[in-house]
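What follows is one structure encoded as structure tokens, with my remarks underneath.
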Amino acid sequence: MAYSTITDLTHWIDAQELVRLCTTDSDATIESQSVTSVAAEAIESADALIDSYLLGRWPELRGYSPVPDEINRISATFAVYNLYLRRRAVSDDWRSIYEDCMAKLEAASRGDHSLGLDDAGSVASHTDRSYRTDAEEEDRVYTEDRLKKL
């Protein structure tokens, strides 16, 4: 089972851009074989990279259903990056996003980052994540519980 799908890629780029990155066929759509096969290859490559970092720590990772959210995001991000790389059109923004995801994988493989999983490999049931706005007037911190109430 792949960590992401072609639909997940469209959370990062729009469908027209995805089609453009996958094929030169001007009549192609996101459902076209030429698009789905290239996108699947990009996802497969992304997932192989993720596996090279994480399967040593979490051997059962490939069997998780649903895929942990952060791993899904990293897979989709890497797949989009692979498609841009295929066209030799990687922007500085995409390179930075790729490097950030690589740093997360490296930290996770060392045991310094959970990727939403506990040490046993189960999806963590509770996180202590908080979210900070970029408001200049006052520093606001929102926990997940507080966000749910909003």
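Yes or no, residue by residue, for (1) among the hydrophobic types (A, V, I, L, M, F, W, C); (2) surrounded by 13 or more Cβ atoms within 10 Å (Cβ to Cβ); (3) within 18 Å of the chain's Cα centre (by Cα):
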position	(1), (2), (3)
13	yes, yes, yes
26	no, no, no
31	no, no, no
34	no, yes, no
56	no, no, no
59	no, no, no
62	no, yes, yes
74	yes, yes, yes
77	no, yes, yes
Near pairs, Cβ below 9 angstrom, 6+ apart or cross-chain, from the stretch 14-29 (touching a residue at least 40 places away in the same chain (Cβ under 8 Å)) to any residue that is outside any loop (DSSP other than H, G, I, E, B) and of a type in the set (S, T, N, Q): 22/34; 22/36; 22/37
Any hit, the stretch 68-81, residues being farther than 26 Å from residue 112 by Cα, assigned to a loop (DSSP other than H, G, I, E, B) and either touching a Gly at 6+ places or on another chain (Cβ under 6 Å) or not charged (D, E, K, R) (or both): no
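Computed from the coordinates by the stated procedures, all read-outs in this text should not be read as laboratory data. This one's a predicted model, so the numbers in the text were calculated from it and none came from an experiment. Glycine also receives a Cβ, built like all others from the backbone with ideal geometry; neighbour counts cover every protein chain displayed.
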